[in-house]
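Bear in mind these aren't lab numbers, they're just calculated from the coordinates by the rules spelled out. As the structure is a prediction and not an experimental result, all values here were calculated from the model. In this analysis, Cβ positions are derived from the backbone assuming ideal geometry, glycine residues included, and neighbour counts consider all displayed protein chains.
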Amino acid sequence: MTADTALAHPWLAAPGTAPRPIPLDRLRAFVGLTRLRKAALNILAHHLTEREAADLAVAWRRLDVGNKGVLRFEDLKRTLRRDHEGTEEELDALVRALDVNGDHLIDYYEFSAAMLARNRTIRDDRLVEVFEEMDADATGHVSLDNLERIMGSRAHAEEVLGELAGNDAFRRAGKLTFAALKEQLARLPQSQAAA
Ligand SMILES: [Ca+2]
């Protein structure tokens, strides 16, 4: 499934019908992803078509009842508890995993990124968007400083570099180039796919 077909999922493509519960399987899939993939999906969530964004906005408005633009962990857990079974520990882990920038709030893009978690592949043109956004200073590679800006902390940025240990392009270049990003993200390894 690509980022484009993901949003044609019946959960989202049901205009005029009652809102459906937030699909827990997508949140679970998101939790299992690497930090780099979570960040990439977050960037892709900023580049959706108007139609895709409109569908997600319907789901978001149902969550963001106070229209604050962000959800506290507890707000999201309350909604999930209403629609799903699951231990408190699991719900807690799910909502914390969504918080990619580490500010203890879930914003619309963080939520949308999780809804994209089932995508097995990310197309080249979308990877270019991800890379250009990560390489904010346009040096041709994604530096630790670039990652820190996205992840909200040095520790999380360093974790991303740790995830690249087995990446051939990263090892050759010694930095996170587009080739390394593509090697890391173009396909979802089985090890990250949710059960
Ligand atoms: Ca956040």
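What to note about this one:
- Column: log10 I(q)/I(0), Debye, Cα scatterers of the range 33-88, q = 0.25, 0.27, 0.30 Å⁻¹: -1.09, -1.07, -1.06
- When only alpha carbons are used to place a centre, the range 172-194 and the range 89-125 end up 18 Å from one another.
- Magnitude of the charge dipole, the chain, Cβ model with Lys/Arg +1 and Asp/Glu -1, debye to 20: 440
- Förster-model FRET efficiency, 45 Å R0, A173 and T49, C-beta, rounded to 0.05: 0.85
- Global geometry of the range 124-192, whether rounded, prolate or oblate, following the gyration tensor of its Cα atoms and the 1.5 cut on a/c: rounded
- Nitroxide proxy distance, nm - points 7 Å out along Cα→Cβ at E132 and Q192: 2.2
- Kirkwood hydrodynamic radius of the chain, Cα pairs, Å: 17.2
- Burial ordering of H156, H104, fewest other beta-carbon atoms within 10 Å first: H104, H156
- Qualifying lysines (Cα of each under 19 Å from Cα of K182; at least 8 residues distant if same chain): K38
- On Cα atoms only, tilt of 88-98 relative to the major axis of the chain in degrees: 50
- Least to most buried among F73, F178 (fewest other Cβ within 10 Å first): F73, F178
- The GluC sites (Glu not before Pro) of the range 57-130 that DSSP puts in a loop, and whose beta carbon has at most 10 other beta carbons within 10 Å, are E85.
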